[in-house]
Amino acid sequence: MKKSEKRMYLLSEGKPIKEYKVVFGPHPQGHKQKKGDERTPEGKYILDYKKKSSFYKSIHISYPNEKDKSNARHLGVNPGSAIMIHGQKNGLGWRSWLNQRFNWTDGCIAVTNKEMDEIWRLIKAGTPIEIQP
């Protein structure tokens, strides 16, 4: 995933097989430092579990890792948690044509519900994700 391109790429054997336009929180530049900063983490993580949520379907990103926790302790802040790849807020999926034009999450990665259905089928728990600036 490349935040600067607002694109998420699904890879197979190191080659892109799918590409999605994504949106983030209102302050997407830079690595997530603390709860409430509306940033998406940068680095290597694991897509560790799936769940149905208030944002249609969600796949959890393993943020914060040990480095993130250590950095937060050093700064004296809560690193935050619950960073997901997810669909649209329940009941508002019809608005994805508008929602996907601006950054609206609290630091998660949002796609349309239709795209989330496809990602949900293609991704297994334990899949690595690299989020680049």
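The values are calculated or read from the model by the stated rules, or taken from the named source; none is laboratory data. Please read these numbers as outputs of a predicted model, since none were measured by experiment. Ideal geometry is used to build each Cβ from the backbone, glycine not excepted, and the neighbour counts take in all protein chains shown. Note: accessible area is taken over every heavy atom of the protein model, side chains too, but ligands, DNA and RNA are not part of it. Shrake-Rupley method; radii C 1.70, N 1.55, O 1.52, S 1.80 Å.
In the range 75-133, what chymotrypsin sites (Phe, Trp or Tyr not before Pro) fall in a loop by DSSP, with at most 12 other Cβ atoms inside 10 Å? Don't skip to the answer; put the middle values down first.
Numbers: sites: W94, W97, F102, W104, W120; in loops: F102, W104.
Filter output for the range 75-133: F102.
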Q: Could you order I17, I46, I123 so the one with the most accessible surface comes first? Probe is 1.4 Å.
A: I17, I46, I123
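Just to be sure I understand: of the beta bridges DSSP finds with both ends in the chain, what percent are antiparallel, rounded to 5? Present the calculation step by step, with values, prior to reporting the outcome.
Numbers: 22 of 25 bridges.
Just about 90 percent of them are antiparallel.
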Q) Pairing the Cα long axis of helix 66-75 with the longest principal axis of the chain, what angle in degrees results, from 0 to 90 and rounded to the nearest 10? A) 50
(Q) For a quick check of your reading of the filter: which GluC sites (Glu not before Pro) in the range 13-101 sit in a DSSP loop and have no more than 10 other Cβ atoms within 10 Å? (A) E13
Q. How much length, in nm to one decimal, is gained on full extension between R101 and K21, taken as 0.36 nm per residue of separation minus their Cα-Cα distance?
A. 27.8 nm
Q: Please go through the range 9-88 and write out the trypsin sites (Lys or Arg not before Pro) that DSSP classes as loop and that have at most 16 other C-beta atoms within 10 Å.
A: K34, K35
(Q) Within the range 108-133, list the residues whose amide N lies under 14 Å from a label point set 7 Å along Cα→Cβ of K44. (A) 127-132
Q.
To make sure I understand the rule: partners must be lysines, Cα under 20 Å from the Cα of K32, and not fewer than 8 residues away in the same chain. Which ones qualify?
A. K2, K3, K6, K44, K67, K69
Q | Segment N65-A82, length gained on full extension (0.36 nm per residue, minus Cα span) | A | 4.9 nm
Q.
Can you tell me how the range 90-133 classifies by the Cα gyration tensor, rounded, prolate or oblate, using a/c under 1.5 as the rounded cut?
A. oblate
Q | Modelled FRET efficiency - R0 35 Å, R73 with L122, Cβ distances, 0.05 increments | A | 0.45
